[in-house]
Amino acid sequence: MISGATGVLGVIGHPVAHSASPAMHNAALQADGLDFVYVAFCVPPERATAVGDSMRALAIAGLNVTVPHKQAVMAGLDEIAAEAQAIGAVNTIANRDGYLTGYNTDAHGIAASLRQDGGLERLPPRVVLLGAGGAARAILYALLQAPEVEEITLQNRTASRAEALAAELDPAATRTRVIAAGDPEPLRRAGLLINATSVGMAPAADASPVADPSVFRAGQVVYDTVYRPRRTLLLQQAEAAGARAVGGLGMLLHQGARAYEIWTGTSAPVAVMRRALEAAVGP
Ligand code: ATR
């Protein structure tokens, strides 16, 4: 029941109406009996710099931040946690009596999902990462945190964006290299392929970021950050070749669970959140 004392959490994005985060977080808040409500705010890009002051004025307790605001909101915060600083993007803001701290829980999200959904207690030595946008940024950071990963090959439609991302996160280029999009060789050798492009996302679900599915084989893990549809064309290709195919719902779940823990100080009811997310996203 919403009362005068109910606290407000939410997500800002543009667009944001499709977000599954309200369903996931409200289910968790209800399960834990916490007097908060989680809503979606559609914030146009030119308003992103006002988000910090708006949070203070309205005493909004916490926000998730999604496309296209993850970098723009940083300037309005009082503190950026070390991990968010290193990644160069914020996806979670906590408001503690008007003092705003920015966090990034996306790297935790992919790491936890690779472990739990991908069955990868240890990551394989060779990884291919497709994309160079916001999602790829947090994933590259997470991969570089895993010492067992020896070689990360970045491929992106716009090669210059991949070059810039690699130079920022792995300036000595000790483990990251960029090669032309579409070159199948690194995919053949990789133990793990992660798609962090938006290719394959509904409504353009008849597309795959991998042109030649003969690169897939048993023993590989193929992770698609796209989760609408749940079973993308890429995952179908991977599965048909005997690879382990994992959709991106778990990354969304675990970044949300970590954000919830930052805001509430209590451990997240992950099973409740997963069920709500699955129901909200659908098939
Ligand atoms: P996000 O924050 O979700 O990662 P983004 O920053 O817009 O979103 O990044 C989208 C990624 O998908 C980029 O790597 C983009 O490639 P470009 O850097 O060349 O734009 C990739 N992408 C989007 N549409 C694509 C397409 N049709 N073919 C290949 N790559 C595509």
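Can you pull the accessible area of residue 53 for me, 1.4 Å probe, Å² to the nearest 10?
Answer for residue 53: close to 100 Å² accessible.
Calculate, for residue 86 and residue 53, the FRET efficiency according to 1/(1 + (r/R0)^6) with r their C-beta to C-beta distance and R0 30 Å; round to the nearest 0.05.
For residue 86 and residue 53, the calculated efficiency is 0.70.
Which residue fluctuates most in the GNM of the chain (Cα springs below 10 Å): 255, 236, 155?
236
Quote the relative contact order of segment 168-283 in percent (integer), defining contacts as alpha-carbon pairs under 8 Å separated by 6+ residues.
Answer for segment 168-283 is 20 percent.
If you count only protein heavy atoms with a 1.4 Å probe, what accessible area per residue comes out for the chain, rounded to a whole Å²?
44 Å²
Fully extended, how many nm does the chain gain between residue 159 and residue 37 (0.36 nm per residue separation, minus their Cα-Cα distance)?
Separation in residues times 0.36 nm, less the Cα-Cα distance, equals 39.7 nm.
Residue 36's amide H: which non-local residues (gap 5+, or another chain) put their own amide H closer than 5 Å, with H modeled 1.01 Å from N in plane and none for Pro or chain starts?
Answer set, sorted by chain and number: 7.
So what is the relative contact order of the chain, in percent, for Cα pairs below 8 Å that sit 6 or more residues apart?
Worked out over the chain, it gives 17 percent.
Counting DSSP beta bridges with both partners in the chain, what percentage is antiparallel, nearest 5?
Within the chain, antiparallel bridges account for around 20 percent of the total.
Which residue, 270, 226, 90, tops the fluctuation ranking in a GNM of the chain built on C-alpha contacts under 10 Å?
Evaluated over the chain, the most mobile residue of the options is 270.
What per residue convex hull volume, in Å³, comes out for segment 99-223 when only alpha-carbon positions are used?
Considering the Cα atoms of segment 99-223, their hull volume per residue is 134 Å³.
Quickly work out the residue 26-to-residue 270 label distance, labels modelled 7 Å from Cα along the C-beta direction, and quote it in nm with one decimal.
Using points 7 Å along Cα→Cβ, the separation is 2.5 nm.
The values are calculated or read from the model by the stated rules, or taken from the named source; none is laboratory data. Remember, predicted model here, so these are calculated numbers, not experimental data. Heads up, the Cβs are rebuilt from the backbone with ideal geometry, glycines too, and the neighbour counts pull from every protein chain shown. Side chains are part of the model used for accessible areas, which takes the heavy atoms of the whole protein and leaves out ligands, DNA and RNA. Shrake-Rupley method; radii C 1.70, N 1.55, O 1.52, S 1.80 Å.
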